[in-house]
Amino acid sequence: MLQRGTGRIANPGCYATGSQLGIAPLLPFMDVGRLPSVFGVSGYSGAGTTPSPKNDPAFLADNLIPYAPVGHIHEREIGRSLTRVAAPAHPFDASNPVHVQFTPHVAPFFQGIGLTIHVPLRMSMTVSDIFGAFQSFYQRERLVH
């Protein structure tokens, strides 16, 4: 969970943590009429211990398998945490929370996570502008580089 001032550290080996870290700096620039989306891919070690196609290396060979494409628990978790860290100047609060589209996939590697995050912006921004937003947001965070 992303929350300033808590002194807690989360391992960014989690879909929700990685998504929050990637979206939070862009909340001030987000087009609030559109949803950010996260396309996540993880290795099969995170797909549970009960045997299933999601954690069967033979089934996964040369495949990328989507799972829980609608209403995944991380959608709500990501949105709740982003709503909490949104500055008062942003239009997000308990009555108007941040919503996120999240589609997880499992791949034929054992561990690791990759995220492709799309945040619809309300203005044109250069790569330098976006980099600056991230630098500013995380300037006092010693563990975010």
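The values are calculated or read from the model by the stated rules, or taken from the named source; none is laboratory data. This structure is a prediction, so every number in the text was calculated from the model and none was measured. Every residue, glycine as well, gets a Cβ built from its backbone with ideal geometry; the counts of neighbours run over all protein chains shown. Surface accessibility is based on the protein's heavy atoms, side chains included, excluding ligands, DNA and RNA. Shrake-Rupley method; radii C 1.70, N 1.55, O 1.52, S 1.80 Å.
Of the residues Val119, Tyr138, Gly71, the one whose Cα sits farthest towards the positive end of the charge dipole of the chain is Tyr138 (charges of +1 on Lys and Arg Cβ, -1 on Asp and Glu Cβ, taken about the Cα centre).
For the peptides 100-112, 17-29, the ranking by packing is 17-29, 100-112, with the highest mean count of neighbouring Cβ atoms within 10 Å listed first. Summed over qualifying helices (DSSP H, 4 residues or more, each -39500 (n - 2.57)) and divided by its residue number, the chain shows a 222 nm mean residue ellipticity of -7500 deg cm²/dmol. Accessible surface comparison of Tyr15, Tyr44, probe 1.4 Å, protein chains only, largest first: the order is Tyr44, Tyr15.
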